[in-house]
Amino acid sequence: MNKLAIHGGKPVRSRRLNYGRQTIDEDDIAAVVATLRSDFLTTGPKVSEFEEAFANHTQSDHAVAVANGTAALHTAMNALGIQEGDEVIVPTLTFAATANCVLYQRGKPVLVDVSPETLTICPQAVQNAITPHTKAIIAMDYAGQPCDYDRLQQIANEHQLALIADACHSLGATYKGRRVGNLADLTVFSFHPVKPMTTGEGGMITTHRPELADRMRRFRNHGISVDHREREENGSWLYEIADLGYNYRLTDIQCALGISQLNKLPHWTQKRQSIAQTYNSALSAIHEITPLKLAPKRTHAYHLYVIRIDFSALSASKPPFFQALQAEGIGANVHYIPVHLHPLYGENFNLGLGLCPHAERAYEEMISLPIFPAMTSQDTQDTLDALEKVIKFYRH
Ligand SMILES: *Cc1c(COP(=O)(O)O)cnc(C)c1O
């Protein structure tokens, strides 16, 4: 029997494979260097160039670049005028920032359950959570799969709510032939290195509503109505603080990288889809493992490749299983601990186990396997070999 690395055996890999990683090519480096040599490091021409390219790519009318995905969510909440007393419906199976952004505006995040097969926000749970205080719904395209936008838009229309898409996982995916970025009132993206494309840190919000785009441009620049370059061009020192804003700007250096990365995104999405296909077919032979389902009429951007493991069929629970996989050199991860189980939310809003049974069950069972465009077929094979080795050992 093949001894597990955690028990002193030889690991499948000596060099750890992370669950996600950026791709930086020579043309990306050249784009950044050219901007470093230019007149503008920030608030310059690369910002609107990136915004236009991004709006074009996502088939949206306006794109507003900000410092990171979390700032993008905050900017979106501010643009919609979320304030104290307002409720915003958020899926519990998401990154902290999706819920925190509501708190930034002193609103109340109302955490709801996900659909068991896709782990995206459950439309029925959204419907059940609506009160006279509800102002908006944040849908999060878990792992890179678009939510049920037809159903969510219908609910939003019926109750006059704003629909926000947290598309930090799903840039590059489509829903009924429409691109992510064009499926909600506001769509939020992140360019953190593990995300579909990167600017180091960075974020974007797309919208078809010009008044929201204007408001967001002010918000990212201290609430000032005219930016520093416009003032210079007009030969005027005049500016107005219209409302409270922040410095959430994205630099020209980062935008130059973003423009360069965006060109390669379609190719990278295909690479991710092809790795997912390899995983899907190999894992269908392991009956204790179930990959997430892809719902009809959408394409998946595979920011994450998530599997569920039937630990009742194994002699190990998730923590030792996860440790064993790590010891084999596979940097698996877990996305996410449901938000309602974190102290900030559990204690302040009196939430806990039992609130969202599908998310809680998924959390017990799921692991994210490595997936990123630069993965080699050997990397994919190592992951599968390690998974098989560990499963075999713990099989009853
Ligand atoms: C990454 C991520 C964010 C936050 O993005 P940052 O750029 O890291 O601030 C928000 N929501 C989701 C779902 C994410 O995955």
Checked pairs for the range 234-258, first surrounded by 10 or more Cβ atoms within 10 Å (Cβ to Cβ), second acidic (Asp, Glu), C-beta under 6 Å and 6 or more apart or across chains, list as 257/28
Filtered residues of the range 119-130 (kept if touching a helix residue (DSSP H, G or I) at 6+ places or on another chain (Cβ under 7 Å), among the β-branched types (Val, Ile, Thr) and either surrounded by 22 or more Cβ atoms within 10 Å (Cβ to Cβ) or modelled with pLDDT under 95 (or both)): 120, 126
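Take residue 79 and tell me if it is touching a strand residue (DSSP E or B) at 6+ places or on another chain (Cβ under 8 Å) and within 16 Å of the ligand (Cβ to nearest atom). Full working, then the answer.
Numbers: touching a strand residue (DSSP E or B) at 6+ places or on another chain (Cβ under 8 Å): yes; within 16 Å of the ligand (Cβ to nearest atom): no.
When the stated conditions are applied, residue 79 does not pass them.
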Sole exception among (1) farther than 19 Å from residue 89 by Cβ; (2) within 16 Å of the ligand (Cβ to nearest atom); (3) in contact with a strand residue (DSSP E or B) (Cβ under 8 Å, 6 or more places away or on another chain); (4) among the acidic types (Asp, Glu) for residue 240, by number: (2)
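One line per residue, one yes/no per condition, for (1) touching a residue at least 12 places away in the same chain (Cβ under 8 Å); (2) farther than 23 Å from residue 339 by Cβ; (3) among the small types (Gly, Ala, Ser):
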site	(1), (2), (3)
125	yes, no, yes
135	yes, no, no
150	yes, yes, no
154	no, yes, no
190	yes, no, yes
196	yes, no, no
210	yes, yes, no
218	yes, yes, no
Given the structure, is residue 54 within 20 Å of the chain's Cα centre (by Cα), touching a residue at least 12 places away in the same chain (Cβ under 8 Å) and under 22 Å from residue 232 (Cβ atoms)? no
Quick check on my filter: what residues within the range 193-224 are within 16 Å of the ligand (Cβ to nearest atom) and assigned to a loop (DSSP other than H, G, I, E, B)? 193, 194, 195, 196, 197, 198, 199, 200, 201, 202, 220
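Looking at the range 91-122, which of its residues are polar (S, T, N, Q) and away from the ligand (no atom under 13 Å from the Cβ)?
Step one: filter the range 91-122 for residues polar (S, T, N, Q), giving 92, 94, 98, 100, 105, 115, 118, 120.
105, 115, 118, listed by residue number.
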Which members of the range 166-192 meet the condition of being more than 15 Å from the ligand (Cβ to nearest atom), of a type in the set (D, E, K, R) and farther than 14 Å from residue 54 by Cβ? 176, 178, 185
Which one is farthest from residue 137 (Cα to Cα) among residues in the range 174-183 that are more than 15 Å from the chain's Cα centre (by Cα) and assigned to a loop (DSSP other than H, G, I, E, B)? 177
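Hey, can you tell me all the residues within the range 205-245 that are touching a Gly at 6+ places or on another chain (Cβ under 8 Å) and not small (Gly, Ala, Ser)?
Here is the first cut: in the range 205-245, the ones touching a Gly at 6+ places or on another chain (Cβ under 8 Å) are 206, 218-224, 229, 241-245.
206, 218, 219, 220, 221, 222, 224, 229, 241, 243, 244 - these are the residues of the range 205-245 that are touching a Gly at 6+ places or on another chain (Cβ under 8 Å) and not small (Gly, Ala, Ser).
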Out of the range 214-244, which residues are farther than 22 Å from residue 61 by Cα and within 24 Å of the chain's Cα centre (by Cα)? none
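Can you report the number of residues in the range 32-75 which are of a type in the set (Gly, Ala, Ser), under 29 Å from residue 176 (Cβ atoms) and within 16 Å of the ligand (Cβ to nearest atom)? Talk me through it step by step, then tell me what you get.
The first filter runs over the range 32-75 and keeps only residues of a type in the set (Gly, Ala, Ser), leaving 34, 38, 44, 48, 53, 55, 60, 63, 65, 67, 69, 71-72.
Keeping just the survivors that are under 29 Å from residue 176 (Cβ atoms) gives 53, 55, 60, 63, 65, 69, 72.
After this cut, where a residue has to be within 16 Å of the ligand (Cβ to nearest atom) as well, the list is 63, 65, 69, 72.
Total meeting the criteria: 4.
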Quick check on the range 248-294: of everything there that is under 18 Å from residue 142 (Cβ atoms) and among the basic types (Lys, Arg), which residue is nearest to the chain's Cα centre (by Cα)? 272
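If you go through the range 345-363, how many residues are in contact (Cβ under 8 Å) with a residue 12 or more places away in the chain and either away from the ligand (no atom under 16 Å from the Cβ) or closer than 19 Å to residue 97 by Cα (or both)?
13
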Within the range 1-51, track down each residue that is assigned to a helix (DSSP H, G or I), under 30 Å from residue 231 (Cβ atoms) and in contact (Cβ under 8 Å) with a residue 60 or more places away in the chain. 31, 32, 34, 35, 36, 45, 46, 47, 49, 50, 51
Looking only at the range 57-83, count how many residues are closer than 15 Å to residue 108 by Cα and more than 18 Å from the chain's Cα centre (by Cα). 5
Does residue 293 satisfy the condition of being under 30 Å from residue 199 (Cα atoms) and either charged (D, E, K, R) or within 16 Å of the ligand (Cβ to nearest atom) (or both)? no
Filter result (within 22 Å of the chain's Cα centre (by Cα) and farther than 20 Å from residue 98 by Cα) within the range 367-396: 367, 369, 370, 371, 372, 373, 374, 375
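The values are calculated or read from the model by the stated rules, or taken from the named source; none is laboratory data. Since the structure is predicted, the reported quantities are computational estimates derived from the model, not experimental observations. Virtual Cβ from ideal backbone geometry, glycine too; neighbours counted across all protein chains shown.
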